[in-house]
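Following: one structure in structure tokens, then a few remarks.
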Amino acid sequence: MTIERTLSIIKPHAVAKKIIGKIFYRLECAKLAIIGCKMLQLTPSQAKEFYVEHQEKIFFQNLIQCMTLGPSMISVLEGENAIQSYRQLMGATNPIHALSGTIRADYADSLTENAIHGSDSSTSATREINFFFSCHDLFSKSCQL
Ligand code: CMP
């Protein structure tokens with residue numbers, strides 16, 4: 001059993017659709033504990049730094065614009081194989097390919113406005129969690145009542 005942490009972002013268009021509660025419910029049902037959470041509106045420079053690996057892609061400007069339109073709900077999830085387990089729950093990046101019943105199949109509007117983001121590896125998870133949270137912001141599942 002590997003207990004992992006991963007970063008989740010509910011993107012601005014999904015926050016605007018008022019589906020934070022529905023998404024959090026799915027995470028908790030899947031035994032992904034929310035151990036840290038904050039709502040914030042990314043600045044263009046924060047979004048560019050966060051998505052730096054995509055800076056040469058043709059969709060980069062569109063992605064930055066979508067991610068800075070309004071507040072995002074950013075959280076750290078902890079659980080068994082959390083990185084893969086959350087990615088399965090999210091569904092494919094392109095909602096056209098997302099399996100039925102996944103979050104993106106149900107709530108994505110397009111490839112860029114695909115409702116949520118999740119770390120794709122343990123290296124990314126560490127970088128992405130540290131991008132938004134300090135260890136004092138996180139409350140491990142084992143410490144929760
Ligand atoms: P996300 O999981 O946030 O990671 C990078 C984002 O880039 C991705 O979800 C999509 O919102 C966005 N994106 C837009 N076009 C593409 C594309 N062609 N391939 C991959 N990601 C894309």
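The values are calculated or read from the model by the stated rules, or taken from the named source; none is laboratory data. Owing to the predicted nature of the structure, the values given are computational and were not obtained by experimental measurement. All Cβ positions, even for glycine, are placed from backbone atoms using ideal geometry, and neighbour counts span all protein chains on display. Keep in mind that these areas ignore ligands, DNA and RNA; they rest on the heavy atoms of the full protein, side chains included. Shrake-Rupley method; radii C 1.70, N 1.55, O 1.52, S 1.80 Å.
With respect to Glu128, determine if the residue is at pLDDT 95 or above, more than 15 Å from the ligand (Cβ to nearest atom) and touching a strand residue (DSSP E or B) at 6+ places or on another chain (Cβ under 8 Å). Here the answer is no, as Glu128 does not meet what is asked.
Just one residue in the set Lys18, Lys48, Lys22 is away from the ligand (no atom under 16 Å from the Cβ) and either over 24 Å from Ala82 (Cα atoms) or buried (at least 21 other Cβ atoms within 10 Å of the Cβ) (or both); that residue is Lys18. Within region 46-62, the set of residues being touching a residue at least 24 places away in the same chain (Cβ under 8 Å), outside any loop (DSSP other than H, G, I, E, B) and over 22 Å from Phe133 (Cβ atoms) comprises just one member, Asn62. Is it the case, given these coordinates, that Leu7 is open to solvent by 10 Å² or more (accessible area, probe 1.4 Å) and touching a His at 6+ places or on another chain (Cβ under 9 Å)? When the stated conditions are applied, Leu7 does not pass them.
Exactly one residue out of Glu56, Glu28 is at pLDDT 95 or above, under 19 Å from Leu138 (Cβ atoms) and open to solvent by 70 Å² or more (accessible area, probe 1.4 Å), and it is Glu28. Working carefully through the options Ser124, Ser72, find the one that is touching an Asp or Glu at 6+ places or on another chain (Cβ under 9 Å) and farther than 21 Å from Lys31 by Cβ. The unique qualifying residue is Ser124.
Residues of region 77-118 that are more than 9 Å from the ligand (Cβ to nearest atom), open to solvent by less than 20 Å² (accessible area, probe 1.4 Å) and under 25 Å from Thr2 (Cα atoms): Leu77, Glu78, Gly79, Ala82, Ile83, Tyr86, Gly91, Thr102, Ile103. Scan region 25-45 for residues that are over 28 Å from Asn81 (Cβ atoms) and among the β-branched types (Val, Ile, Thr) and the total you get is 1. If the condition is being closer than 24 Å to Thr102 by Cα and either in contact (Cβ under 8 Å) with a residue 40 or more places away in the chain or open to solvent by less than 60 Å² (accessible area, probe 1.4 Å) (or both), then region 31-45 contributes Lys31, Leu32, Ala33, Ile34, Ile35, Gly36, Lys38.
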